[in-house]
């Protein structure tokens, strides 16, 4: 049985790091920072299930609240929040590096995943791999407004998980966009799922599948 996740608050950096740490039953070398989408928080059921799956596989996981969520308990991020949210993710990676000595991974759902990828495009050596769920390729109903400008500068291996009925981008659109990334890439399609990836709780097999496929990509 895995230890109960412990609250983590680090106020020695700005933006602060706030979330929950999942420690494996045995000492771990690798670490994963996970964050949430717009309008959500680190207690999102999908993030909790993913953290448990990776911790069970021997990875120390920090699921954290982005700075905008620390400032406001409800609502989506504002246009001016993105840069500070990326700073918060960088700080979270730094905090977790103090705990684990091995490889470091970063990822998140939707907005959180997009900010993670933008951070890594700007800082290629920050982490060893990205784990991105429901990447918001474009606003729903506006396929011409693609969020791909940073992808040609993304040199970090990345694993994308995307529902085939996601209104933020079809799986085919995402697959086409991923060709812009000059790094090792894998796309896992979740058939029939929308932006929430069809996650229904602990009985869902998605977290274990993602953990297995992600490890296969990065070795």
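Computed from the coordinates by the stated procedures, all read-outs in this text should not be read as laboratory data. Note that the coordinates shown come from a computational prediction; the quantities given were computed from them, not determined experimentally. Cβ sites come from the backbone with ideal geometry, for glycine too, and all protein chains shown count toward neighbours.
Quick notes on this one:
- If you take the Cα centroid of region 1-41 and the Cα centroid of region 50-95, the two points sit 8 Å apart.
- √(5λ) per eigenvalue of the Cα gyration tensor, region 1-119, largest first, Å: 23, 14, 12
- Extents of region 148-219, taken as max minus min of Cα coordinates on every principal axis and listed largest first, are 37, 31, 14 Å.
- Prolate/oblate/rounded call for region 1-63, Cα gyration tensor, a/c under 1.5 rounded: oblate
- Sorted ascending by nearby beta carbons within 10 Å, beginning with the fewest, 210, 100, 33 become 100, 210, 33.
- Residues 99, 148, 21, ranked from the fewest to the most other C-beta atoms within 10 Å, line up as 99, 148, 21.
- Antiparallel bridge percentage (DSSP; both residues within region 1-104; nearest 5): 60
- When 68, 135 are arranged by Cβ crowding within 10 Å, least crowded first, meaning fewest neighbours, the order is 68, 135.
- Overall dimensions of region 130-189 by Cα: Rg and Dmax, Å: 10.7, 29
- Label-zone membership for region 168-197, site residue 145, 7 angstrom Cα→C-beta point, backbone N under 16 Å: 168-170
- By the Cα gyration tensor, region 6-218 has an equivalent ellipsoid whose semi-axes, rounded to whole angstrom, run 24, 19, 17 from largest to smallest.
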